[in-house]
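Undergrad: The structure under discussion is supplied below as C-alpha cells; questions concerning it will follow.
The values are calculated or read from the model by the stated rules, or taken from the named source; none is laboratory data. This structure is a prediction, so every number in the text was calculated from the model and none was measured. Here Cβ is always computed from backbone atoms with ideal geometry, including for glycine, and neighbour counts include all displayed protein chains.
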Amino acid sequence: MDFDQVNSITEIKIQIEDSVWFNDEWKNDSTVFGMLNMLDTFSKNPSLISSDLKLLDKIIDDDKQLISFYFTDLDEFGLTENLYIRMNARGKMLTDFENFKSEFSKIIQYNHILLEQVKDKIEYSWVENLWNYKEENSYIIDAPFMSFLSFITEMLYFKDAEYRSSKTYETNFLDFRLLKTIYSIEDNLRFLIFSFDFIKEIKEKKEPVLWDGESLSHILKDVIDGKRDTTQLFILFLALRYSYYKKNKENLNDCIRVVRNLIVNTDDNSRREWSRLISSLHNLISDDNVYQLLSELSDDNILIGFNVDQRKEEVFKAKLYLNFVSFKNELFKIEDHKYLTGRITNLLLSPFTKTEEDFKTVELQNIFYTDKEVKKLLSIFNAYEEIARDNFNSIWGNLLITGLYKQTGDSRIVYESFRRHPSIILFAKQFANLSDKLSLHEFLIEIQKQFILKMINKYEDLSLIRNAKEQLYIYYIVGERIYNHQYTSFFKNHNFNIGWLEKVTGYKSYFTKGIDGCQYFPDTNPIFQFYNQQFRYNLGINPNNTLDIEMIGGNKKREPFKLIIEWASK
C-alpha cells in the first residue's frame, strides 16, 4: 500500500477499503476485520487527530520501522490457507476449533446475514445449548459442536446423494471440501443454524420414543457422544426436519413412531440405502397427521427402501387408528412392547386365524376390523404380555410340539425366531380364551393334561411314540409334573436347540422305536442333547447337556410314563 495516498488519518479505514488492491472478501476475515477496526479506533482518538508531530509518518517511517508488516505467499511453501497460523489477542496460537470457525466462515460468507448469525450464536447461544454435552473437566464446547455438525452434515449429504447399490460414500463429514459442497446451498445452511438453535427444545423432550425408554433428549445425547445407532440418527433427523418445516407439533410423535417402526424393521438399513430411506422419510413430513397421509396413500413407492411388509402394516395401522380413535393409545401399547418393536402383523391377524397356516394365507388388506375384533386383539395382547414375561420361559417347553420347532434331516430340532411367531401368537390366543377362568399356571396344567390324554388315545404305549417333538414334550411334562423340575433343568444351560447321538453306557431312552424321519435312528432311540449354535457329533454325549431323565442313576422314579398318565387322568 502507498500510504502517501492516505489524505487523512480520520478516514484511514474507508480509504483502505476503497483502495484498488483491497479485496472485499477480506471484510469477512475476522483478522482483517479486527485490524481495520483497530485502525478506525485510532483514527477517532482526539490526541492523534490533533497531533502536530505527524505521528503516522513516524510510525511508518522506513528507517525507524516502529511498525512493520510482512507478507508471506503460502503457495511458495506448498501450504494452504487451512494451515494459516494466526495469533490471538493474547499472543497465543488459535486453537484448532478457532481455526475451524474461521475457515467455515469463509464457506458461508456468501450470505452476510447468516454468517453474522453463525458467528454470534457459536460464541453465545450455542455454547449454552451444548454446555451439558461438553467433556468432563472441560470448559469449551468444541467436541460436542463438531460432533453435532458432523451428524447434520452426514444426514444432509445422504439426503441429496444418488442411490447406487455399489456406490461408495463419503465418510469424513468435517472435511472442508464436503462442508463447502453442503453449505454452499443456502437452505442447508439455514437448516444447520435451525438445528443448533433447536437443541434447546430437544433437551426438553423427555417422552419415550424408543422401546428402552429413550426420549429425543436421550437420543440427542447419544448422537453427540458419537453413537452410531441408525434408528437414533433417523429419528433425530426426522424431528429436526419436521420442526424446520414448521409442521404441527402435536403430530410430531406420531410421525416419529411410524419412522421408528419402519427403520427398525427394515433389515437392510445400511448406509448404501440411506439416500433412499431419507428421501422416503421426507415424504412422511406433511401438514396432515402421518396417519391421515398413510391412510390415503396411493403410491407405495413414497416409502421405497423400507421393508415392504412393514410398509403395508403401517398403512393398515393408519386406517385402524383413524377408525378406532378411542383405542389408539392401547394399540400403541402393542407396538411399544419390547418383543414386538413396532412389527405387529401377526397380532393384527390373530383375531382372524385358527392355525399357523392361516398366518401365511390371510393378508392384512383383506381383513376388516370392527369393535369386536379390536377388543379381541387387546385380549390376545394381554395374554401375550403375560406369557412373554422372562422371555417366554414359563411356557417354552409347551412350544416343543408347535411349528416354532422344525426337525431337520441331520438329527436336529431347531427353533425359529420366536417373539412374533404364529405359534406364540396362537398360544396367547388360546390362553386369552380361558384367561378369565384360569390363571396361566392352571392353563399350562390343563393343556399338558390334554396332550397326555391325546397321546394315550393315539398310542397303546407312550414308549412307542416315534415323533421326536412329541417325545421331548412328554419328557418335559414328566420333569415338570413328576420331578417338580424347573424349565432350566430341561433346557440345559439355557440352550434351546436339540440334537441326538447314539446311546452309550450310562444313558437310557424311554422310547423304543426310534425317531420318525431320522435316517440315522429309524428303529432305536438315541440320547437327546441340547446345544446353542453348533451341534458337534464328534464330541460325543455331554452329560451337562443331557436330559436328567435319560441319565441313569440319581433319585429317579420308576415307570415315569405310568405316573404321568395317572397325573393326567385325575
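Undergrad: How many residues are part of a helix (DSSP H, G or I) and touching a Ser or Thr at 6+ places or on another chain (Cβ under 8 Å) when one looks only at region 425-439?
TA: Filtering region 425-439 for residues part of a helix (DSSP H, G or I) gives 425-434.
From what is left, the residues that are touching a Ser or Thr at 6+ places or on another chain (Cβ under 8 Å) are 425-429, 432.
Result for region 425-439: 6.
Undergrad: Which condition does P543 not pass, out of (1) more than 42 Å from the chain's Cα centre (by Cα); (2) farther than 28 Å from E446 by Cα, if it passes all the others?
TA: Every listed condition holds for P543 apart from (1).
Undergrad: So which residues in region 351-362 are closer than 15 Å to T402 by Cβ and buried (at least 17 other Cβ atoms within 10 Å of the Cβ), if there are any at all?
TA: Hits for region 351-362 are T353, F359.
Undergrad: Using the structure shown, decide if F418 is part of a helix (DSSP H, G or I), of a type in the set (F, W, Y) and in contact with a helix residue (DSSP H, G or I) (Cβ under 7 Å, 6 or more places away or on another chain).
TA: no
Undergrad: Let me ask another. Checking the structure you have, find out if any residue of region 556-567 is assigned by TED's automatic domain parsing to the domain that holds N457, out of contact with any His (no Cβ under 7 Å at 6 or more places or on another chain) and more than 26 Å from E460 (Cβ to Cβ).
TA: no
Undergrad: Output the residue which, of all residues in region 544-570 that are touching a Gly at 6+ places or on another chain (Cβ under 8 Å) and in a helix (DSSP H, G or I), is surrounded by the most Cβ atoms within 10 Å (Cβ to Cβ).
TA: Going through the qualifying residues, I end up with I549.
Undergrad: Something else about it: Can we say D96 is modelled with pLDDT of 70 or more and outside the structural domain of Y183 (by TED's automatic domain parsing)?
TA: Details: modelled with pLDDT of 70 or more: yes; outside the structural domain of Y183 (by TED's automatic domain parsing): yes.
Yes.
Undergrad: I'd like the residue in region 262-279 that is under 19 Å from K312 (Cα atoms) and not β-branched (V, I, T) and, out of all such residues, is surrounded by the fewest Cβ atoms within 10 Å (Cβ to Cβ). If you could, list the steps in order and put the result at the bottom.
TA: Initially, region 262-279 is screened for residues under 19 Å from K312 (Cα atoms), giving 262-269, 276-279.
Okay, now just the ones that are also not β-branched (V, I, T), so 262, 265, 267-269, 276-277, 279.
On the way: L262: 26, N265: 20, D267: 7, D268: 10, N269: 20, R276: 16, L277: 25, S279: 18.
Applying the filter and picking the extreme gives D267.
Undergrad: Still on this structure, I have one more. Go through (1) touching a Pro at 6+ places or on another chain (Cβ under 8 Å); (2) modelled with pLDDT of 95 or more; (3) not acidic (D, E) one by one and return the number of the condition Y520 breaks.
TA: (2)
Undergrad: Then there's this: Within the bounds of region 279-291, is there any residue that is under 20 Å from I344 (Cα atoms), outside any loop (DSSP other than H, G, I, E, B), at pLDDT below 95 and not hydrophobic (A, V, I, L, M, F, W, C)? First the steps, then the outcome.
TA: Residues of region 279-291 that are under 20 Å from I344 (Cα atoms), as a first pass: 290-291.
Still in the list and also outside any loop (DSSP other than H, G, I, E, B): 290-291.
Filter once more, so that each one left must be at pLDDT below 95: none.
Checked region 279-291: no residue is under 20 Å from I344 (Cα atoms), outside any loop (DSSP other than H, G, I, E, B), at pLDDT below 95 and not hydrophobic (A, V, I, L, M, F, W, C).
Undergrad: Could you grab me the full set of residues in region 445-487 that are among the hydroxyl-bearing types (S, T, Y) and in contact (Cβ under 8 Å) with a residue 40 or more places away in the chain?
TA: Pass one, region 445-487, residues among the hydroxyl-bearing types (S, T, Y): 459, 463, 473, 475-476, 483, 487.
Of everything in region 445-487, those that are among the hydroxyl-bearing types (S, T, Y) and in contact (Cβ under 8 Å) with a residue 40 or more places away in the chain turn out to be S463, Y473, Y475, Y476, Y483, Y487.
Undergrad: So the check is Cβ under 8 Å with 6+ separation or different chains; which pairs have a first residue in region 229-246 that's not assigned by TED's automatic domain parsing to the domain that holds D197 and part of a helix (DSSP H, G or I) and a second one that's of a type in the set (A, V, I, L, M, F, W, C) and at pLDDT below 95?
TA: Listed by first residue and then by second, the contacts come to nothing, as the list is empty.
Undergrad: If I filter region 468-476 for residues that are assigned by TED's automatic domain parsing to the domain that holds L563 and either at pLDDT below 95 or over 19 Å from E559 (Cα atoms) (or both), do I get at least one hit? Talk me through it step by step, then tell me what you get.
TA: Initial filter on region 468-476 (assigned by TED's automatic domain parsing to the domain that holds L563): 468-476.
From the residues that got through so far, the ones that are either at pLDDT below 95 or over 19 Å from E559 (Cα atoms) (or both) too are 468-469.
So far as region 468-476 goes, yes, one or more of its residues are assigned by TED's automatic domain parsing to the domain that holds L563 and either at pLDDT below 95 or over 19 Å from E559 (Cα atoms) (or both).
Residue-by-condition table, conditions (1) surrounded by 14 or more Cβ atoms within 10 Å (Cβ to Cβ); (2) over 21 Å from the mean Cα position of the chain (by Cα); (3) modelled with pLDDT under 95; (4) farther than 26 Å from F306 by Cβ:
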| residue | (1), (2), (3), (4) |
| --- | --- |
| S150 | yes, no, no, no |
| D160 | no, yes, yes, no |
| R164 | no, yes, yes, no |
| T168 | no, yes, yes, no |
| R190 | yes, yes, no, yes |
